[in-house]
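Novice: Okay, here's the structure, questions in a sec.
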Amino acid sequence: MGMELKPRAIPPRGPGMSLIVKEVTRLLEPAIFIFGVYITLTGHLTPGGGFPGGVILACGFILVVLAYGGARAFRRLPPEGASKYDSGGALLFLFIGALGAIFGGGFLYNFLRVYLPGEPFHLKSAGTIPLLNIAIAMKVAASLFLVVMVLTLFKPWSAEGGER
Amino acid sequence: MSLVFLLVALPLGGGFFLPLLDKFWEESRAKELLAWAITLTTTVLAFLSLGWRGIYQMSGWPPPIGINLVVDGLSAAMLIVVNAIALLVVIYSSKYMEDWTPTGKFYGLFFLMLAGMNGVILTGDMFNLFVFLEIASIASYALVGFRRGGEELEAAFKYLVLGSIGSSFVIFGVGLLYAATGNLNMARISLVLAERGGGGGALIGITSAFFLVGFGLKAALVPFHAWLPDAHSSAPAPISAMLSGVLIKVLGVYCLMRVFFNVIGIGEVQANLLIWGGAISMVLGALLAVGQEDFKRLLAYSSISQVGYIVMALGIGGSLLLRGEEAIAGLALLGGFFHLINHAANKALLFLNSGAIEEATGTRDLSKMGGLFHRMPLTGMTTLFGVLSIAGIPPFAGFWSKLIIIVAALWGGFYPEAAILIAVSVLTLAYYMRVEREAFFGPVPDRLKSVREAPAMMNLATVVLALGAIGLGALYLPGLRELVLQPVSQVLLEGLRYARMVLGG
Amino acid sequence: MLYTLAFVLFLIGLYATITKRNLIKIIIGVIIMEQAVNLFLLLVGYRMGGLAPIMDETMTLEEFVSRAVDPLPQALVITSIVISLGSIALMVAIAIRIYEKYGTYDIAEIRRLRG
């Protein structure tokens, strides 16, 4: 994933779009990914959070699919893997919620606020909320990616187009 | 009480976990066992909730700020209906869904729907109600199209569009309510509106119109009923049983009850709309059912008609409540809820049997059946029980609930309504007797000679429901009445008690 | 008033949903309805000249409360966007399936189920 711009031999026209789009995508892809992670992780401080972060992550993958065709994106995130992240994100959310019920006052109780206090306006604050944001981002990124893939390619590997 | 969140969290977890198992255990029974375990736990919790009264604070925030789950008489009784039928449906589907490959996906969607319904029943927050309503609805849209045939997809699309319109109306109503009161907590809203003095003015009138259209679409009241016959007859049989048995009641009737009796407070206009919406649904549903040849479509039209009974009883109760005749109003509301329980059990039973018959004979067309009583005695017997109960023949449960509604209508002076109630009962008996005559009695046609009884697992569920068709009548006996039905009518009668219970004081 | 505008948009969506014959146009009608609702929710919480409801270290709580717009409807809007994403995705998937089965998007030609 180098950022250098040395001239290369023009690859044979495979699936996907033109060389310019491919090169720009190759440069932008890590930036989009990092931006998505940033939005997710600072969701408790600034506007953002799990859902926008997840959407940005999914958009990064979708951009790769548009530019290069399905194969390259699926090498990084195969549909089976995506549906595992999809369910896994939701289960992680429920698990953290259940931990709240065990350690604290109720389901989704912010139990880390007591055990792991932080200062307001710092990354380490808000207890379980950043963890929940990560779970949501996983779920949203995977399911949005799956929805778009199912709708555009419509292969038989997944019957429904996104249950939620 | 501190376990009440499991009623939502367990099915939700199951809904996401079970599809994952599809990849590891293609042919394993583990998915079914897990599904049984989850529904059994939620059913036990639902029965335990009869003894619980109070609120559960999500994330530990107190009521007006945080979202809380509320258990009172109405939600406890509703939870039992939903989860008990879900348990029986899961038992039934372990056999029925066997030859459909992605069972994990099926159970996943099923549990999302169950989680949504339990959430709708428990939540004490208007917007949260909408979110759970949508979870249940979206899962049910996908389940209607689960077979992916042409007709199923078409029915699912129709259901999806009309369901989305209904949801948009509901959330517009929620937005109006927030604009009018500055709150989303149901208890807080009802207190704010009560302090302003009844009625609430034009804004509340518009809001209740939005809610009436939205929840009316979900409950398939007559001007908005077009999706129901297609959706309920196209879904797989266990899902039809869930949709007709509980989904329309939770998303439609329960929300109408909660919003109009506990949150906004019922007014004269709303009560009359409920009465006449119910009456038109009853009559039109029954008339359309008479001509149906397709067994499942007939059952679906019958659902429209029977939901009309419940809604009309609600309207009569609300109207009497406004006149201050609390005793008779209580009787009407109690009768309405009693009929809701009976209809849930009976219609689930009939839809499950329609699935067994479709599996055995390969058709849903009544004119192609005949003499099934000889070939499938147990299915025939349970169907007969369900039919007699839903048509209101004396020893069966459906008779008592209809009787209570009619008596309340007569005492309250609603004579034309009582006449409609009786006439539709007769009509119901007529079209169900046609089912019995065409499908179950008479000689066995040649092509059905080889038909065999449904598997034991499927019959277990239907036999339990058939016993319910007789036994549920006992709910009105003194002793049991105080346990289930009386608390429900109390919650509906004293609209502000809900708010006081939630907010304390 | 602006609320009326959101309501008019809602009615336009409803009209499109009910009268159009093309599946895709019906879906667009539903989308318009849902966006009208979102617009309405945002307007409910809006305050003329208000600040974005983000608090930082330079602001006191009183200042924040007195000047920011109501953040609650914004939370509602993002939730309702997520929900409509789910239902629209399902709707489009079913429309594609129907197109595969029948080769048309016209509901008049598809209709096999009757009243």
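Novice: Within a 10 angstrom radius of the beta carbon, how do A:Leu131, B:Leu256 rank from fewest other beta carbons to most?
Specialist: A:Leu131, B:Leu256
Novice: Tell me what chain C gives for mean residue ellipticity at 222 nm when only DSSP H runs of n ≥ 4 count, each as -39,500 (n - 2.57), the sum divided by the residue total, rounded to 500 deg cm²/dmol. Intermediate results must be reported in sequence, preceding the final value.
Specialist: Values: 5 runs with 84 residues, N = 115.
Theoretical 222 nm ellipticity from helices: -24500 deg cm²/dmol.
Novice: Okay, next question. For the peptides B:401-414, B:230-243, what is the packing order when you average, over each peptide's residues, the other Cβ atoms within 10 Å and list the highest mean first? Each step should come with its number before you reach the end.
Specialist: On the way: B:401-414: 21.3, B:230-243: 27.4.
So the order, starting with the most tightly packed, is B:230-243, B:401-414.
Novice: According to the Cα gyration tensor, what semi-axes, each the square root of 5 times an eigenvalue, does the equivalent ellipsoid of the range A:19-153 have, listed from largest to smallest in whole Å? Before the final figure, lay out each step's value.
Specialist: Numbers: eigenvalues 206, 62, 15 Å².
Working through the eigenvalues yields semi-axes of 32, 18, 9 Å.
Novice: Kirkwood hydrodynamic radius, computed over distinct alpha-carbon pairs, for the range B:6-503: how many Å, to one decimal?
Specialist: Answer for the range B:6-503: a Kirkwood hydrodynamic radius of 22.4 Å.
Novice: Could you work out the mean count of beta carbons from other protein chains within 10 Å of each residue's beta carbon in A:100-109?
Specialist: Rounded to a whole number, the mean comes out at 6.
Novice: Considering only the other residues whose Cβ falls under 12 Å of the Cβ of B:Met242, what net charge follows from Lys and Arg at +1 and Asp and Glu at -1?
Specialist: Net of charged neighbours comes to +2.
Novice: Continuing with this model, one more query. From the Cα trace of the protein assembly as shown, what convex hull volume per residue do you get, rounded to a whole Å³?
Specialist: Dividing the Cα hull volume of the protein assembly as shown by its residues yields 175 Å³.
Novice: Here's something else I'd like to know. Given the pairs B:Lys95/B:Lys249; B:Lys31/C:Lys20; A:Lys84/B:Lys249; B:Lys31/B:Lys347; B:Lys23/C:Lys101; B:Lys368/C:Lys101, which are separated by over 32 angstrom at their Cα positions? It would help to have the intermediate numbers written out before the result.
Specialist: On the way: B:Lys95/B:Lys249 26 Å; B:Lys31/C:Lys20 43 Å; A:Lys84/B:Lys249 34 Å; B:Lys31/B:Lys347 26 Å; B:Lys23/C:Lys101 28 Å; B:Lys368/C:Lys101 28 Å.
B:Lys31/C:Lys20; A:Lys84/B:Lys249, as the Cα separations exceed 32 Å there.
Novice: Need the C-alpha centroid separation for the range B:231-309 versus the range A:77-151, integer Å.
Specialist: Comparing the Cα centres of the range B:231-309 and the range A:77-151, I get a distance of 38 Å.
Novice: Per-residue mean of other chain beta-carbon atoms within 10 angstrom of the beta-carbon, peptide A:51-64?
Specialist: For this peptide, the per-residue mean of nearby foreign Cβ atoms is 1.
Novice: Something else now. Mind ranking A:135-142, A:51-58, B:445-452 by how tightly packed they are, going by the mean number of other C-beta atoms within 10 angstrom, highest first?
Specialist: Values: A:135-142: 25.5, A:51-58: 23.4, B:445-452: 12.6.
Highest-to-lowest ranking by the protection proxy: A:135-142, A:51-58, B:445-452.
Novice: For the charge dipole of chain C, defined by +1 on Lys and Arg C-beta atoms and -1 on Asp and Glu C-beta atoms about the Cα centroid, which residue among C:Ile32, C:Tyr15, C:Gln74 has the Cα displaced farthest towards the positive pole?
Specialist: Working it through, the farthest residue towards the positive pole turns out to be C:Tyr15.
Novice: Next question, about the same structure. So what is the calculated 222 nm ellipticity per residue for chain B, using -39500 (n - 2.57) for each DSSP H run with n of 4 or more, over all residues, to the nearest 500 deg cm²/dmol? Each step should come with its number before you reach the end.
Specialist: Details: 20 runs with 353 residues, N = 505.
Value at 222 nm, helices only: -23500 deg cm²/dmol.
Novice: Restricting attention to the range C:44-110, which GluC sites (Glu not before Pro) occupy a DSSP loop and are surrounded by at most 12 other Cβ atoms within 10 Å?
Specialist: C:Glu57
Novice: Shielding by partners for C:66-76, please: the mean number of other protein chain Cβ atoms within 10 Å of each residue's Cβ. Spell out each step's value before the answer.
Specialist: Numbers: counts 0, 0, 0, 0, 2, 1, 5, 5, 1, 1, 9.
Mean inter-chain Cβ contacts per residue within 10 Å come to 2.
Novice: What is the helix-to-structure angle for B:6-24, meaning the angle in degrees between its Cα long axis and the longest Cα principal axis of chain B, kept from 0 to 90 and rounded to the nearest 10?
Specialist: Value to nearest ten degrees: 40.
Novice: Once both axes come from the Cα atoms, what is the angle between helix B:295-323 and the longest principal axis of chain B, in degrees from 0 to 90, rounded to 10?
Specialist: Helix B:295-323 sits at roughly 20 degrees to that axis.
Novice: What is the packing order of peptides B:1-12, B:415-426, B:103-114, taking the mean over residues of other C-beta atoms within 10 Å and listing the highest first? Mind showing how you got there, number by number?
Specialist: Numbers: B:1-12: 21.2, B:415-426: 17.3, B:103-114: 26.3.
Ranked from most to least packed, the peptides come out as B:103-114, B:1-12, B:415-426.
Novice: Mind sorting B:His225, B:His343 by how few other Cβ atoms lie within 10 Å of their own Cβ, fewest first?
Specialist: With the fewest neighbours first, B:His225, B:His343 line up as B:His225, B:His343.
Novice: Follow-up question, since we're still on this one. Compute the long axis of helix B:186-195 from its Cα atoms, compare it with the longest principal axis of the Cα atoms of chain B, and write down the angle in degrees, 0 to 90, nearest 10.
Specialist: Helix B:186-195 sits at roughly 40 degrees to that axis.
No value in this document is a laboratory result; all are computed from the given coordinates. All of these numbers come straight from a predicted model, not from anything done at the bench. Neighbour counts run over all protein chains shown; Cβ positions are idealised from the backbone, glycine included.
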